[in-house]
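One structure is given here, and the rest of the page talks about it.
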Amino acid sequence: MDSWPRFFAERRLRPQLALARSKGADRLTLQDGEELCEKVAAFFVDGHPVPSLLHGDFWGGNAGMLPDGTPVVFDPACYHGDREADIAMAELFGGFPESFYAAYREAWPLDSGYEARKTLYNLYHILNHFNIFGAGYLGQAKRMIARLLAELRG
């Protein structure tokens, strides 16, 4: 797609919301999720992300080192998108030392508004976890949607 915000709403959030409907998510959460999808572009008013090759499932469990210390990543779910999506997931599920994030930010600082976009990007993963692993993730998804909508309503 030619619009990253539209891609994220249409190809990431909406499919997870549709699955969540079939998994028993409540009507209000789904309505709020749809409202959020309609407003995703508002998180990108200061610019457009440079398309980057993303790992897609970037957390400490999918990283390691060869015997000589060379870092490797595995189990990719690659696509092109905003680099912040991978950093957000790495922060969500952890497994990387603070020095990793500091080195990343030194090499390529994150854009303003990252904290809100981090919640947006991680909502996708939390909805996915709700759909795969069950109700334990629904409360977190609800709080994330509420936080994002509150951010937009100012």
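Bear in mind that the values in this text are calculations on the coordinates, not laboratory data. Predicted model, so just to flag it, every value in this text is computed and none were measured. Please note: Cβ atoms are built from the backbone with ideal geometry, for glycine as well, and neighbour counts cover all protein chains shown.
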Elements of type strands (runs of 3 or more DSSP E) in segment 55-128, at least 3 residues being touching a residue at least 24 places away in the same chain (Cβ under 8 Å) and either within 25 Å of residue 11 (Cα to Cα) or of a type in the set (D, E, K, R) (or both): 79-82
Residue 141 being farther than 26 Å from residue 3 by Cα, small (Gly, Ala, Ser) and touching a residue at least 60 places away in the same chain (Cβ under 8 Å): no
Breaking point among (1) under 30 Å from residue 153 (Cβ atoms); (2) in contact with a Phe, Trp or Tyr (Cβ under 6 Å, 6 or more places away or on another chain); (3) surrounded by fewer than 17 Cβ atoms within 10 Å (Cβ to Cβ), for residue 48: (2)
Hits in segment 79-116 (condition: hydrophobic (A, V, I, L, M, F, W, C), closer than 24 Å to residue 149 by Cβ and over 13 Å from the mean Cα position of the chain (by Cα)): 110
Qualifying positions in segment 51-76 - surrounded by 11 or more Cβ atoms within 10 Å (Cβ to Cβ), of a type in the set (A, V, I, L, M, F, W, C) and closer than 30 Å to residue 2 by Cα: 53, 54, 58, 59, 73
Subset of segment 65-78 (residues that are on the phi > 0 side of the Ramachandran plot and under 25 Å from the mean Cα position of the chain (by Cα)): 75
Every pair of residues 6+ apart whose Cβ atoms lie under 7 Å, when the first sits in segment 1-18 and is closer than 14 Å to residue 141 by Cα while the second is among the acidic types (Asp, Glu): 17/34
